[in-house]
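Every number in this text was worked out from the coordinates using simple rules, so none of it is lab data. Note that the structure is predicted; figures quoted are calculated from it, not measured. So basically every Cβ, Gly included, is an ideal-geometry build from the backbone, and we count neighbours across all protein chains shown.
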Amino acid sequence: MEVKNPNGRKAAFSVSVTFEDARGITVVDRYGDVTVPANGTATVAVRVGGGSGLVDSIDHCEVDGRALVDD
């Protein structure tokens, strides 16, 4: 996921991703952290973890549209 930082200084962001099965039921919630340069963008990878059985049950994910700034 790409995170944009519209601020004039470097900042650390936390991104929340909900992984769901085909019925829309939450399988797992995970977070990813990334530092983004001032007025820049960075990519954050959010890993599912938990082994292949958990990964196999995931159909899609929902990303919170607003990242949190870590002070």
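A compact table of results
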quantity	calculated
Selection within the range 52-71 - assigned to a loop (DSSP other than H, G, I, E, B) and among the acidic types (D, E)	D59, D64, D71
Residues being within 16 Å of G65 (Cβ to Cβ), in a loop (DSSP other than H, G, I, E, B) and either without any contact (Cβ under 8 Å) to a residue 60 or more places away in the chain or more than 13 Å from the chain's Cα centre (by Cα) (or both) - total across the range 1-51	4
